[in-house]
Amino acid sequence: MSGRRSRQPSSSNTRITDEQIIELVSKLHQLLPEIRNSTRRSNKASANKVLEETCNYIRNLNKEVDDLSQRLSQLLSTIEVNSPEAAIIRSLI
């Protein structure tokens, strides 16, 4: 038997309130361009819609990063290491 005890977090410290959830969803709503643009007039979107759009937005950002990384790799493989173009790319990274 080990001397380790399982630690359970105190519910008063880890419990999130409805007000905190509403505030976080509101902050996400303000950050997401798709929702911000589509709900400009009413300024209302369901929490479900905000969370779905957040997931979609993150997936799209990840895809864009992957695509840009691939394009950069292809570009770097076609230029000479000591070329002016390579120096510009290195300065940007």
Item to complete: Find the residue count for segment 60-93, including only residues that are closer than 30 Å to P33 by Cα and of a type in the set (D, E, K, R).
Response: 5
Item to complete: Taking N13 as the residue in question, decide whether it is part of a helix (DSSP H, G or I), at pLDDT below 90 and of a type outside the set (D, E).
Response: yes
Item to complete: Six or more apart or on different chains, Cβ under 7 Å: which pairs go from a residue in segment 80-93 that's without any contact (Cβ under 8 Å) to a residue 12 or more places away in the chain and on the phi < 0 side of the Ramachandran plot to one that's surrounded by 10 or more Cβ atoms within 10 Å (Cβ to Cβ) and of a type outside the set (G, A, S)? Could you list them?
Response: E85/I79; A86/I79
Fill in: Residues located in segment 16-48, provided they are of a type outside the set (A, V, I, L, M), under 24 Å from L61 (Cα atoms) and modelled with pLDDT of 85 or more
E23, S26, K27, H29, Q30, S46, N48
Worksheet, complete the sentence: When segment 44-84 is checked residue by residue, the ones that are assigned to a loop (DSSP other than H, G, I, E, B), surrounded by 10 or more Cβ atoms within 10 Å (Cβ to Cβ) and in contact with a helix residue (DSSP H, G or I) (Cβ under 8 Å, 6 or more places away or on another chain) are A45, I79
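The values are calculated or read from the model by the stated rules, or taken from the named source; none is laboratory data. All values reported here derive from a predicted model rather than from experimental measurement. Methodologically, a virtual Cβ is constructed for each residue, glycine included, from the backbone with ideal geometry; neighbour enumeration extends over all protein chains shown.
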